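Asks: Please see the structure below; I have some questions.
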Amino acid sequence: MSDDDALGTLEFEVYGFIARPPAEVYEAVADPAILSRYFTTGGAVGRLTAGATVTWDFADFPGAFPVEVLEAEAPRTIRVRWAGDPAATSDSAGTVVIFTFEPADDGARTRVAIAERSWRPTPKGAEAAFGNCMGWTGMLAAMKAWLEHGINLREGFYR
């Protein structure tokens, strides 16, 4: 394997468009009451503000997860870190997740991108990265359904 073929830390980005303005879509992630309606099925506690540590709980994956907010710049970016399996992550502090909200169609729609990084290029790292990629893709779909149509896609989805 040449240096060009060497695999560093694993990372991914998923994205989608939501027919709401960036400020509204940003709030759907930053505000725990809204996030709990379509994503954190066990509830979210704490607003995503820089320096805060909040918790996200999922009824389908019980146990509240602490989420450290590294950056929150409304309505453009939210950057958080949460713990991962030390055997799977390349950073002992966990993985970093970056949400970006870009206006589209003169601000009538928002391009939402979610990127996550810091997994080891190992079978455990790949399994964790692929699992989270599925989870964030599901979050985007659930957010779109909730914000555009008031439908909670996660209800009963994983159980």
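Asks: Cβ-Cβ below 6 Å, separation at least six or inter-chain, first residue in the stretch 146-157 and among the acidic types (Asp, Glu), second surrounded by 12 or more Cβ atoms within 10 Å (Cβ to Cβ): which pairs?
Replies: The qualifying pairs are GLU148/ALA19.
Asks: What strands (runs of 3 or more DSSP E), lying completely within the stretch 1-80, carry at least 2 residues that are among the aromatic types (Phe, Trp, Tyr) and out of contact with any Asp or Glu (no Cβ under 8 Å at 6 or more places or on another chain)?
Replies: The qualifying strands (runs of 3 or more DSSP E) are 10-18, 53-58.
Asks: In the stretch 109-140, how many are closer than 20 Å to ASP57 by Cβ, small (Gly, Ala, Ser) and in contact (Cβ under 8 Å) with a residue 40 or more places away in the chain?
Replies: Selection size over the stretch 109-140: 1.
Asks: Could I ask something else about it? Taking only the stretch 78-108 into account, find how many residues are surrounded by fewer than 14 Cβ atoms within 10 Å (Cβ to Cβ), touching a residue at least 24 places away in the same chain (Cβ under 8 Å) and of a type in the set (Ser, Thr, Tyr).
Replies: Result for the stretch 78-108: 0.
Asks: Okay, moving on. So which of GLU155, GLU127 is in a loop (DSSP other than H, G, I, E, B) and farther than 23 Å from PRO22 by Cβ?
Replies: Of GLU155, GLU127, the one residue that is in a loop (DSSP other than H, G, I, E, B) and farther than 23 Å from PRO22 by Cβ is GLU155.
Asks: Quick test for you: out of GLU73, GLU13, GLU27, pick the one residue that is at pLDDT 95 or above, among the charged types (D, E, K, R) and closer than 21 Å to PHE130 by Cα.
Replies: GLU13
The values are calculated or read from the model by the stated rules, or taken from the named source; none is laboratory data. Owing to the predicted nature of the structure, the values given are computational and were not obtained by experimental measurement. Note that each Cβ is placed from the backbone with ideal geometry, even for glycine, and that neighbours are counted across all protein chains shown.
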